[in-house]
Structure formats: structure tokens, C-alpha cells
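The structure appears right after this line, and notes come after that.
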Amino acid sequence: MSSLTSPQNASASQLKDPSQGFVQAAPAQQGRPSYHHGDLRQALLVAAKQLIAEAGIENLSLRRLAERAGVSRTAPYHHFSDKNDLLCAIAAEGFRRRHQMATLGFDDPAKTMLEKFEDYVLGYIQFAVDSPEEYELMFGRSIWKQQNSTRELRDVAYPCFQHQVDMVRGWQACGLIAGDNPLRTSQVIWGALHGMAKLLIDGIYTDSAQIEEMSRCAIKLFVNNSAYPIDK
């Protein structure tokens with residue numbers, strides 16, 4: 001049943017239908033998206049990533065974000081206190097997705113430990129290439145070097161790295177990867193993968209078709225081949 005609204009309480013965006021005696025909402029302005037309650041935050045994050053891809057982080061502002069999303073200039077402030085809060089939210093979303101991907105791969109009982117490591121390496125590089133705006137914020141200086149991380153970001157970023165340490169501990173325990181220091185080994189592996197990812201998303205390496213070949217090479221370098229021979 002349609003809810004009734006008195007003419008006295010109608011907003012400027014509503015029109016009175018004198019023949020029916022109640023107020024109907026005017027159609028949304030053409031060319032602007034219509035949002036359901038609760039999904040504006042996500043829509044703003046999507047629009048922010050688009051703006052960063054087009055003009056860079058330095059040219060992003062909440063005012064431009066509102067214009068892109070087709071909402072009032074004050075609407076973004078209901079979800080983000082300032083630009084840094086917005087950037088941290090984008091990074092946090094990236095960490096959630098990456099952590100979920102890594103967890104699903106490592107917890108798959110149908111895969112061997114070698115296959116799990118292969119999936120981890122390939123997945124890391126592909127994530128960076130597919131989501132460069134998120135990746136730059138997740139691991140770039142815009143947030144971390146300035147010590148501007150929010151609690152929301154730290155609460156998802158630290159467990160994501162801890163999961164990487166835990167995976168390496170498992171790979172070392174079964175002899176897949178050499179060494180007895182999961183933390184330092186995780187940092188070395190992460191550093192290698194991060195370097196490869198940056199070369200790809202910064203355009204130094206321009207052929208993304210070589211991602212798998214590069215990843216396979218990295219895998220061979222880290223895996224204890226005497227215990228786990230790799231023939232591919």
C-alpha cells in the first residue's frame with residue numbers, strides 16, 4: 001500500500017496530485033543515479049575509485065565525488081569525515097577483498113600446498129593489476145607514510161598481513177618453502193610480489209599477458225624444489 005504524505009510535509013522534490021489528494025515523489029533527475037537507503041556509501045566508493053583512475057588521488061575531493069555520484073555536496077560527509085577518511089575506506093575495502101580471496105584459496109581442501117602457494121602468488125599479482133586504485137592506497141605512501149590510517153583500515157589491514165605470515169608458516173612446516181622465520185620470509189615474498197605488481201600497474205611492464213609467466217618464475221625461486229619438484 002502506498003504511504004500517504006500530507007502536502008504540508010512534502011519536500012520540494014515532491015509533487016502534489018490534486019486529483020488524488022496525496023503527494024507523489026517526483027522522478028529522479030535525468031542522468032543522475034537513484035540510490036536505495038543504505039547503498040550510497042558503496043556507490044561513493046565506486047565513484048571515488050573512478051575519479052582516482054581518471055585524475056589521480058591529488059585531484060579527488062568530496063565535492064567532486066558528490067558531483068560524480070549525483071548527490072548533494074553534503075551527502076558524502078554523512079559517510080566520510082574528510083578525504084583521508086574516504087581514501088582509508090577505499091583501502092579497507094581492498095584489504096577485505098584480498099583477505100577473502102587469500103583465505104578461500106588457502107582453506108580449499110582439494111588443493112595441495114604447492115597449488116595453494118601458486119594461487120596465492122598469481123592471485124596477488126592479478127589483484128593489483130585488476131584493482132590498481134585500491135592497491136595503491138592499500139600499500140602506498142598516501143596513507144601509511146603520513147600515518148593517516150584510520151581504525152577501520154588498521155583493523156582489516158593487520159589481519160590480512162598476519163594471515164600471510166600464517167600461510168608461510170604452514171608452507172615452511174611442510175617443507176614447501178625453506179626457512180624457519182615465517183615473519184621475515186613473508187616480508188621477503190611480499191616485497192618481491194609488490195615489486196612485480198608495481199612494475200605492472202605503473203606501466204614499466206606493459207604486457208599483462210606475461211603475468212602468469214612472471215609469477216611462475218617467482219614461485220620456482222621460493223619453492224624448495226628438492227621437496228616439491230616443479231615441472232611447469
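Structure above, values below:
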read-out: Filtered residue count, the stretch 35-81, keeping only those that are surrounded by 12 or more Cβ atoms within 10 Å (Cβ to Cβ) and closer than 27 Å to D202 by Cα; value: 18
read-out: Enumeration of residues in the stretch 204-224 that are touching a residue at least 40 places away in the same chain (Cβ under 8 Å) and part of a loop (DSSP other than H, G, I, E, B); value: N224
read-out: Extreme residue, farthest from Q162 (Cα to Cα), among residues of the stretch 61-86 that are of a type in the set (D, E) and part of a helix (DSSP H, G or I); value: E67
read-out: Residues of the stretch 38-85 satisfying the condition of being acidic (D, E) and within 23 Å of S149 (Cβ to Cβ); value: E58, D82, D85
read-out: Filtered residues of the stretch 201-231 (kept if of a type in the set (S, T, Y), at pLDDT 85 or above and under 25 Å from L176 (Cβ atoms)); value: S215
read-out: Matching residues in the stretch 87-109 - criterion: being free of Cβ contacts under 8 Å to residues at least 40 places away in the same chain and either assigned to a helix (DSSP H, G or I) or within 10 Å of the chain's Cα centre (by Cα) (or both); value: R97, Q100, M101, L104, G105
read-out: Residues of the stretch 164-203 that turn out to be assigned to a loop (DSSP other than H, G, I, E, B) and touching a residue at least 60 places away in the same chain (Cβ under 8 Å), as a count; value: 2
read-out: Close pairs from the stretch 67-84: first over 13 Å from Q42 (Cβ atoms), partner among the hydroxyl-bearing types (S, T, Y) and assigned to a loop (DSSP other than H, G, I, E, B), Cβ under 7 Å, at least 6 apart; value: K83/S61
read-out: Selection count where residues are surrounded by 15 or more Cβ atoms within 10 Å (Cβ to Cβ), more than 13 Å from I57 (Cβ to Cβ) and out of contact with any Cys (no Cβ under 7 Å at 6 or more places or on another chain), scope the stretch 139-154; value: 2
read-out: Residue list for the stretch 114-130, filter: crowded, with 19+ Cβ neighbours inside 10 Å and either hydroxyl-bearing (S, T, Y) or under 30 Å from H79 (Cα atoms) (or both); value: Y120, Y124, F127, A128
read-out: Qualifying positions in the stretch 138-163 - in a helix (DSSP H, G or I) and either without any contact (Cβ under 8 Å) to a residue 40 or more places away in the chain or farther than 30 Å from A209 by Cα (or both); value: R151, E152, L153, R154, D155, V156, Y158, P159, F161, Q162
read-out: Qualifying residue in the stretch 124-137 (condition: within 18 Å of V223 (Cβ to Cβ) and not in a loop (DSSP other than H, G, I, E, B)); value: yes
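The values are calculated or read from the model by the stated rules, or taken from the named source; none is laboratory data. Bear in mind that the values here come from a model prediction, so they are computed numbers and not experimental data. When we count neighbours, we look across all protein chains shown, and the Cβ atoms used for this are built from the backbone with ideal geometry, even at glycine.
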